[in-house]
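This report refers to the structure that appears directly beneath it.
The values are calculated or read from the model by the stated rules, or taken from the named source; none is laboratory data. All values reported here derive from a predicted model rather than from experimental measurement. Quick reminder, even Gly has a Cβ in these numbers, built from the backbone with ideal geometry, and neighbours come from all protein chains shown.
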Amino acid sequence: MDSVGRVHAAGVGLTESDFRLTCLNGFGDGLNHYAHSAAWFQGRLYVGTSRGNLIGLRLAGPRKGIRPWPVECPSDLYDLDRRAQIWAYTPETDQWALVYRSPTVHGTNGRDDVPSYIGLRGMAVIQSASDPHPCLYVSAWSPHTAHSPDVLRSADGENFAPIPRPPFGPAVRTCRTLLDFDGRAHLSPTGSGTKKGFTQDLSSEAVIYANADLATADWVPVSAEGFGNPANATVFEVATFDGHMYGGTVNPLTGGELWKSRGGDAPYQWTRVFDQGAGRGQHNEVISALCEFRGALYVGCGIINGGYHHAAGIGPAAAEIIRVWPDDSWDLVVGESRVTAQGAKYPLSGYGAGFDNLFCGYVWRFSVHDGWLYAGTMSWLNMLPYIQVNAWPPDVRALVDAWGEDALVQGQGGAEIWRTADGVNWEPVTRNGFGNHYNWGMRNLVSTPHGLFAATANPFGPKVAVKRAGQWEYTPNPRGGCEVWLGAPPAAPAP
Amino acid sequence: MSPPVRNAPAPVWLLAAPFSGVTSVAAMLNRYPELWVTGELDLLLADQVSDLLAIFSLSQGTQGHGLLRTLARLQWERDDSPAIRAAQQWLEERQDWPCSELLNFLRAAAAPRRLVIPERDAPLRPHALRRITAWTPDADLVHVVRHPLPQGKLLAAWAHERLYVPVDFKDFSQQPPQVDPQLPWLRANENIERLRRDWSPGHTCLVHADTTSNSGGASRAELEQALGLSDVPASARPEQDASAWWLGRRGPDLAPGGYEPEADLASAITALGNVQEWSLTMSLPWRRDRAGFTPEVRACARRLGYDEG
């Protein structure tokens, strides 16, 4: 039953065999590491990519504990083409087309080939006040040597142009979700960067901005910094539910928080739904995903940076799913039992954190499709061969030794998708990235009339480190780069 | 393929939270000639025998021991080391079997006696309990309960200074996480309650392990009536029942487990006292903050027939 009391019968849930690959290898370019944003618009699926994520991470500074680096990196970042792309898929023809590539600008480093956008992290179809019809809006990720990040607008899915941006501070580098609520479009900064370095999941400001007419620069802050708590470093995800806008934070100090508001005049009045990571503390550092399903708001929680916030000493720990009701009570659906301010909580599904997978760093995305709730995860298991694990806890080390590193990666590497018709009983759709362990995240799940699209994060291209005869070497990876899968039940046979 | 199961009576599942006395109830039922009581089979953990064996190989506890010892007894009428090795090989030769078929094999092997299967791990996981519905829709369900205070004391005693304690037994609101038995107690009992709610009326009952061992205890009589059992004199001492039963005591080195570890905690059981001394409102000795039972645990305990005290 949904929030207005309608009962929806679930259709046939999708299984792994219902999914087929529509594109691999990053649309033929292994540098398209993430299918970072996706939306269904005017009969096509649009995917915005982020490029060279794992390479950019390495070149941004030394990373302890990872050797060799999983992908080959040039010595100069500008040896890579990091201009983010938008691709569009037409189901009727089963064809992908490149519809947009980021321009370059003269950067603060004096170069003329600085990409405006190295990633496109959020998409939404919104009809703002000046729009004649719903338009596609795309939130971008800009390097610190370029301008502040833009939001792009397209009325036809072919031509994209930036709109007036919010009054971000200079360190803001990216936003994620664009949300249409109460007659305004909303977004919040979710990544920051300067010449000293960048972090894609912590922003320099934790504020939600809103604008009723995206053709204008009339952006206004509708929340206080961190909802009044300076430990809320970022408003990471937003969604609507039960007539409210919900905002979930990154809080490395005490654990993520969830807030809600009915909107109205700016600044909105906000109410805290839970804090302290819903009683789990720092191991629910971030609210990573939000989705309404059958009268409740499903909340994905975890730790940033793939489940291990190394700089803050948080984790590793696997992700959880919580569901919140209109009266602010909440259930633990997937996760770790505990006594909380709301009493004793245990996972109603019976699954421990990460769906019993300790390598599950996030629940990255939810989607409702044909009466089922689908949850896509992120798994860092594929990083295992490159991580120095000697200092890990003994039980984790014992597990790796018992399974065998290769067997673990080959057999169980890759992100997962799970489904449920009632929010409590869950079944796996895929537990190994559709058979490609390089698909380390199900970054986007999009429900469409043609089926459920699953667009992955797969940063293991163009060349991945492989061990041969005891020696590491970089070799071209035909299964590196993001993939897009389409799930639909088989067509009924003709009578 | 296993022999046909059509002549084998429907099994009885003994479902309980950890350390709730399922072994003592199982040992008590073992005295009835129409029943064949197994060890903890752990069959509900997987759909395929191959997956089950993989789980057993990774287990840091005694998962799989009950299945091996039960299979050894049914096949070769003993559970010494050679029989255990033979049982292991037998399972490995049937890795392509569904676990439901393995269960049917055991049922047929025990027939005409009725299989009684204790389960204290599956109640923590609804997806495991769903296999009971799928595999044996005509089974009888016996919900075995123990007051959460003695249950907690036993679990805490077992976990004390143990290197490996299942995550399901811990409270993760505390750093580091601390063992809190009321959480698995609540989780298992509420999951069993949900399963029983949808079960065929007349094929499910509730048994208090606190009282089944008492001569003339109400729970024993109700259990006999619910399962249609012959009249067998009650035993005065539960631990005598458990240790007199081959699956109530340690097995050979290859498979020493297969029963609830509380059977090894005889002195702890003796120290528990009796039901009149147990309260739902007292502070909990295993919690550093000495908090009491949560409201959810108290409400569940009352539903299961325990007074506030």
**Prompt:** Applying the selection to the stretch A:62-78, what residues are without any contact (Cβ under 8 Å) to a residue 60 or more places away in the chain, in a loop (DSSP other than H, G, I, E, B) and out of contact with any Lys or Arg (no Cβ under 6 Å at 6 or more places or on another chain)?
**Reply:** A:P62, A:R63, A:P74, A:S75, A:D76
**Request:** Quick one: A:P316 ticks every box in (1) in contact (Cβ under 8 Å) with a residue 24 or more places away in the chain; (2) within 23 Å of A:G226 (Cα to Cα) except a single one, so which number is it?
**Result:** (2)
**Asked** Out of all the residues in the stretch A:80-134, which are hydrophobic (A, V, I, L, M, F, W, C), under 27 Å from the mean Cα position of the chain (by Cα), modelled with pLDDT of 95 or more and not in a strand (DSSP E or B)?
**Response** A:A84, A:I118
**Message:** Against the condition touching an Asp or Glu at 6+ places or on another chain (Cβ under 7 Å) and away from chain A (no Cβ under 14 Å), how does B:R107 come out, does it pass?
**Reply:** no
**Item:** Scan of the stretch A:281-310 for residues that are without any contact (Cβ under 8 Å) to a residue 40 or more places away in the chain and either of a type in the set (A, V, I, L, M, F, W, C) or on the phi > 0 side of the Ramachandran plot (or both), ordered by number
**Value:** A:G281
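If the requirement is being away from every other protein chain (no Cβ under 14 Å) and either outside any loop (DSSP other than H, G, I, E, B) or surrounded by fewer than 22 Cβ atoms within 10 Å (Cβ to Cβ) (or both), which of these qualifies: A:Y268, A:Y298? Before the answer, list the steps.
Details: A:Y268 fails: either outside any loop (DSSP other than H, G, I, E, B) or surrounded by fewer than 22 Cβ atoms within 10 Å (Cβ to Cβ) (or both).
When all the criteria are applied, what remains is A:Y298.
Can you work out which of the residues in the stretch A:420-449 that are in a strand (DSSP E or B), away from chain B (no Cβ under 13 Å) and among the hydroxyl-bearing types (S, T, Y) is farthest from A:L14 (Cα to Cα)?
Of the stretch A:420-449, the ones in a strand (DSSP E or B) are A:420, A:426-430, A:441-448.
Okay, now just the ones that are also away from chain B (no Cβ under 13 Å), so A:429-430, A:441-448.
Narrowing further to those that are among the hydroxyl-bearing types (S, T, Y): A:430, A:447-448.
Details: A:T430: 10, A:S447: 12, A:T448: 14 Å.
Per the criteria, the residue is A:T448.
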**Request:** Determine the pairs where a residue that is among the aliphatic types (A, V, I, L, M), located within the stretch A:360-386, has a partner that is assigned to a loop (DSSP other than H, G, I, E, B) with Cβ atoms under 6 Å apart, the partner being 6 or more residues away or on another chain.
**Result:** A:V363/A:A319; A:M378/A:A415; A:L381/A:F359; A:L381/A:G413
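Taking the stretch B:169-220 as the search range and keeping residues that are among the acidic types (D, E) and at pLDDT 95 or above, which one is farthest from B:E119 (Cα to Cα)? Explain how you work it out, then say what you get.
Applying the first criterion (among the acidic types (D, E)) to the stretch B:169-220 yields B:171, B:180, B:190, B:193, B:198, B:210.
Keeping just the survivors that are at pLDDT 95 or above gives B:171, B:180, B:190, B:193.
Working: B:D171: 23, B:D180: 20, B:E190: 15, B:E193: 14 Å.
Filtering first and then ranking leaves B:D171.
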**Request:** Would you mind telling me which numbered condition in (1) among the small types (G, A, S); (2) within 12 Å of chain B (Cβ to nearest Cβ); (3) in contact with a Gly (Cβ under 7 Å, 6 or more places away or on another chain) A:S337 fails?
**Result:** (3)
**Asked** How many residues does the stretch A:150-175 contain that are surrounded by 15 or more Cβ atoms within 10 Å (Cβ to Cβ), at pLDDT below 95 and part of a loop (DSSP other than H, G, I, E, B)?
**Response** 4
**Item:** Count of the stretch B:182-200 residues which are of a type in the set (A, V, I, L, M, F, W, C), over 18 Å from B:Y306 (Cα atoms) and either assigned to a loop (DSSP other than H, G, I, E, B) or at the interface with another protein chain (Cβ under 9 Å from one of its Cβ atoms) (or both)
**Value:** 1
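Go over the candidates B:A87, B:A110 one by one and state the one that is small (G, A, S), surrounded by fewer than 23 Cβ atoms within 10 Å (Cβ to Cβ) and in contact (Cβ under 8 Å) with a residue 12 or more places away in the chain. I'd like the intermediate steps shown before the answer.
Details: B:A87 fails: surrounded by fewer than 23 Cβ atoms within 10 Å (Cβ to Cβ).
Answer to the selection: B:A110.
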**Request:** Hey, can you tell me all the residues within the stretch B:117-136 that are over 16 Å from B:V22 (Cα atoms) and more than 14 Å from every other protein chain (Cβ to nearest Cβ)?
**Result:** B:W135, B:T136
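Regarding A:A402, is this residue within 14 Å of another protein chain (Cβ to nearest Cβ), out of contact with any strand residue (DSSP E or B) (no Cβ under 7 Å at 6 or more places or on another chain) and in contact (Cβ under 8 Å) with a residue 60 or more places away in the chain?
Against the criterion (within 14 Å of another protein chain (Cβ to nearest Cβ), out of contact with any strand residue (DSSP E or B) (no Cβ under 7 Å at 6 or more places or on another chain) and in contact (Cβ under 8 Å) with a residue 60 or more places away in the chain), A:A402 does not qualify.
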**Message:** Pairs needed: first member in the stretch A:48-61, more than 18 Å from A:Y438 (Cβ to Cβ); second member anywhere, assigned to a helix (DSSP H, G or I); C-beta distance under 6 Å; at least 6 residues apart or different chains.
**Reply:** A:L59/A:L77
**Request:** Select the strands (runs of 3 or more DSSP E) contained entirely in the stretch A:176-223, then report the ones holding at least 1 residues which are farther than 24 Å from A:G52 by Cα.
**Result:** A:179-181, A:184-187, A:209-211
**Request:** Give me a count of the residues in the stretch A:400-419 that are surrounded by 14 or more Cβ atoms within 10 Å (Cβ to Cβ) and either outside any helix (DSSP H, G or I) or aromatic (F, W, Y) (or both).
**Result:** 8
**Request:** Quick one: B:W158 ticks every box in (1) within 14 Å of chain A (Cβ to nearest Cβ); (2) aromatic (F, W, Y); (3) in a helix (DSSP H, G or I) except a single one, so which number is it?
**Result:** (1)
**Request:** May I ask you to list the residues in the stretch B:112-134 that are in a helix (DSSP H, G or I) and more than 10 Å from the chain's Cα centre (by Cα)?
**Result:** B:L124, B:P126, B:H127, B:A128, B:L129, B:R130, B:R131, B:I132, B:T133, B:A134
**Prompt:** Being out of contact with any helix residue (DSSP H, G or I) (no Cβ under 9 Å at 6 or more places or on another chain) and either more than 14 Å from every other protein chain (Cβ to nearest Cβ) or on the phi < 0 side of the Ramachandran plot (or both), is that true of even one residue in the stretch B:162-173?
**Reply:** yes
**Prompt:** So is B:A139 within 14 Å of chain A (Cβ to nearest Cβ) and modelled with pLDDT of 95 or more or not?
**Reply:** no
**Message:** Can you tell me which of (1) touching a Cys at 6+ places or on another chain (Cβ under 8 Å); (2) under 30 Å from A:V71 (Cβ atoms); (3) hydrophobic (A, V, I, L, M, F, W, C); (4) more than 14 Å from chain B (Cβ to nearest Cβ) is the one A:M383 doesn't meet?
**Reply:** (1)
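Could you list all residues from the stretch A:109-123 that are in contact (Cβ under 8 Å) with a residue 12 or more places away in the chain and either in contact with a strand residue (DSSP E or B) (Cβ under 8 Å, 6 or more places away or on another chain) or under 8 Å from A:W141 (Cα atoms) (or both)? Even if it seems obvious, please write down each step before you answer.
Let us first name the residues in the stretch A:109-123 that are in contact (Cβ under 8 Å) with a residue 12 or more places away in the chain, namely A:109, A:111, A:113-123.
Correct list: A:D113, A:V114, A:P115, A:S116, A:Y117, A:I118, A:G119, A:L120, A:R121, A:G122, A:M123.
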